[in-house]
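Peer 1: Sharing a structure here in structure tokens format.
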Amino acid sequence: MLRCPICGREYEDHGKMRCDCGEPLEFEPFRGRTHTGKSVWERFREFLPVEPDLNLSLGEGDTPLVKSRLGKELGVRLYLKNETTNPTWSFKDRGTFLGILAAIRFGYRNVGTVSTGNMAASVAAYAARAGLKAHILVPSSIAPEKVRQIAVYAPWIIKVEGPYGELYYKSLEAGEKEGIYFINSDNPFRIEGYKTISFEIAEEMSPDYVIVPTSSGGLIRGIIKGFLELRNSGLVEELPTFIAVQAEGCSPIHRAFIEGKNRVERFKNPHTVAHAIENPYPPSGNAVLKLLRETGGFTAAVNDREILKAREELACEGLFVQPASATGIAAVKRLVEEGKIEKGSKVVSVLTGSGLKTLPATGPGKVRGCRLEELEDCLKTTGG
Ligand SMILES: *Cc1c(COP(=O)(O)O)cnc(C)c1O
Ligand SMILES: [Zn+2]
């Protein structure tokens, strides 16, 4: 059964994506036990709305939880859930996998999404894996290098002129008519896939805070739903405090939260280096506000300078992420300073996507040249 998290209306049709009131639908909470198994899909299969057919898996999930050196300086125990190791280098693969299985179960031969980045690549890759046809809707202004990252999986890429913000809703309408299952940012099956991040974290530790870079709101909804189900099943005792992080240059959820509102408003003139989280009118915004209020969570926003600095610091300990994914670390620093995260607490920040997708524009780094016969002298100058 699907339920509206805002008005509570229920629907039998698992293919429906949004409530008649306009809000995103979600599966009723699951309760269950865990099993043994190599993949998170097997261990937590009782919590999934669809049988996980591992023949169509590309090895998504079961990502490393790495202890960060940055925590020491800040006086917290900081862990990084490294989602850059997923098959298409972002957490989107967890949700796409279940979305593709749903499409197959409903009998679709065609799937689609609306995205210029990680979700586009993810849906195209999993459609290729499953032998489905993919239709990726992008704005006509998309940069050529972004098209190339999607095109490698050979989907149809449809450049749409007109307001990009409306494409999400328009795609659902058109998909219904044309027989294309759209696995957009907060598709109910996608949210269920994201829960597995929480399951994996809980298998290793019990965090006090979980920090989530937030755009449409799908990821944090999945993560919170995952922990709620673990608690309702008696598998964890306490919920962590959830923190939704946005870039200051596009922070509609943060703004609504601090203003005490329960509805997001469209953010005017969005501008940030964190393009992967630049959704000015998040389709799950209202649902996120409600969940944060109900669970005692809160929001934060960080500026581009903080984001790029955090990205560099992560690289200095061997982790290369997208600017969007560095927002979590920038937020931890700020929130510890402000006393909103207590010293000594256990903090998990989700590294949502790989830095290779957006190489930094900064200089060439520490480079030195020499002739072959001068190599030893050269190595002396580099401190060898
Ligand atoms: C999609 C994405 C997010 C945000 O996820 P939402 O579900 O849209 O809130 C964060 N970081 C990266 C790298 C992403 O690709
Ligand atoms: Zn509703």
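Peer 1: Kindly state, to the nearest 0.05, the FRET efficiency for Ala151 paired with Asp62, given R0 = 22 Å and r defined as their beta-carbon distance.
Peer 2: 0.20
Peer 1: Select from Gly285, Gly162, Gly175 the residue whose mean-square fluctuation is largest in a Gaussian network model of the chain (Cα-Cα springs shorter than 10 Å).
Peer 2: The residue with the greatest mean-square fluctuation here is Gly162.
Peer 1: Taking the chain as a Gaussian network, where each spring joins two C-alpha atoms under 10 Å apart, which residue of Pro163, Pro155, Pro280 fluctuates the most?
Peer 2: Looking only at Pro163, Pro155, Pro280, the largest GNM fluctuation is found for Pro163.
Peer 1: While we're here: Taking +1 at the Cβ of each Lys and Arg and -1 at the Cβ of each Asp and Glu, which of Ile243, Ser349, Leu372 sits farthest along the dipole of the chain towards its positive end, judged by Cα position relative to the Cα centre?
Peer 2: My answer, from the dipole projection, is Leu372.
Peer 1: Okay, next question. Ordering Asp304, Asp20 by how much accessible area each has at a 1.4 Å probe, largest first, what is the list?
Peer 2: Of Asp304, Asp20, the descending order of accessible area is Asp20, Asp304.
Peer 1: If you only keep lysine pairs separated by 8 or more in sequence, or across chains, how many in region 1-112 come under 26 Å at the Cα atoms?
Peer 2: Number of lysine pairs found: 8.
Peer 1: Less than 13 Å Cβ to Cβ from Ile307, Lys/Arg counted +1 and Asp/Glu -1: what total charge do the surrounding residues give?
Peer 2: With Lys, Arg at +1 and Asp, Glu at -1, the neighbours total -1.
Peer 1: Would you please classify the overall shape of region 267-342 from the alpha carbon gyration tensor, given that a ≥ b ≥ c denote the square roots of the eigenvalues, rounded means a/c under 1.5, and beyond that prolate means a/b larger than b/c while oblate covers the rest?
Peer 2: Here region 267-342 falls in the oblate category.
Peer 1: What does the C-alpha gyration tensor say about the overall shape of region 176-219? Classify as rounded when a/c is under 1.5, otherwise prolate if a/b is larger than b/c, or oblate.
Peer 2: Cα axes put region 176-219 in the oblate bin.
Peer 1: Here's another thing I want to ask about it. P(r) for the chain: what percent of alpha-carbon pairs falls in each 20 Å bin, starting at zero?
Peer 2: 29, 58, 11, 1
Peer 1: Starting from the amide H of Lys67, placed 1.01 Å from N in the peptide plane, find each other amide H under 5 Å away whose residue is 5 or more places distant or on another chain.
Peer 2: Residues meeting the criterion, in which the H sits 1.01 Å from N, are Leu80.
Peer 1: With viscosity set to 0.890 mPa s at 25 °C, what whole-number translational diffusion coefficient in µm²/s follows for region 190-266 from Stokes-Einstein and a Kirkwood radius over Cα pairs?
Peer 2: 185 µm²/s
Peer 1: Under a plain spin-label model, where a point goes 7 Å from the Cα along Cα-to-Cβ, how far apart in nm are Ile158 and Phe106?
Peer 2: Distance between the two pseudo-spin positions: 1.5 nm.
Peer 1: Fully extended, how many nm does the chain gain between Thr295 and Cys370 (0.36 nm per residue separation, minus their Cα-Cα distance)?
Peer 2: Values: separation 75, 0.36 × 75 = 27.00 nm, distance 5.92 nm.
So the chain would gain 21.1 nm between Thr295 and Cys370.
Peer 1: Which of rounded, prolate or oblate describes region 1-118 when judged by the alpha-carbon gyration tensor and an a/c cut-off of 1.5?
Peer 2: Cα axes put region 1-118 in the prolate bin.
Peer 1: What is region 1-46's relative contact order, in percent, from Cα pairs under 8 angstrom and six or more apart in sequence?
Peer 2: For region 1-46, the relative contact order is 30 percent.
Peer 1: If I ignore ligands, DNA and RNA and count only protein heavy atoms, how much of Ser68 is accessible to a 1.4 Å probe, in Å² to the nearest 10?
Peer 2: Surface open to solvent at Ser68 totals about 10 Å².
Peer 1: Let me ask something additional. Over all Cα pairs of region 66-139, how is the pair count split among 5 Å bins, expressed in % and running from 0 up to the last occupied bin?
Peer 2: All Cα pairs considered, the percentages come to 3, 16, 22, 17, 11, 8, 7, 7, 5, 3, 0.
The values are calculated or read from the model by the stated rules, or taken from the named source; none is laboratory data. For clarity, every value in this text was computed on a predicted model and none was experimentally measured. No Cβ is skipped: glycine too gets one built from the backbone with ideal geometry, and neighbour counts run over all protein chains shown. Heads up: the accessible areas ignore ligands, DNA and RNA and are worked out on the full protein's heavy atoms, side chains in. Shrake-Rupley method; radii C 1.70, N 1.55, O 1.52, S 1.80 Å.
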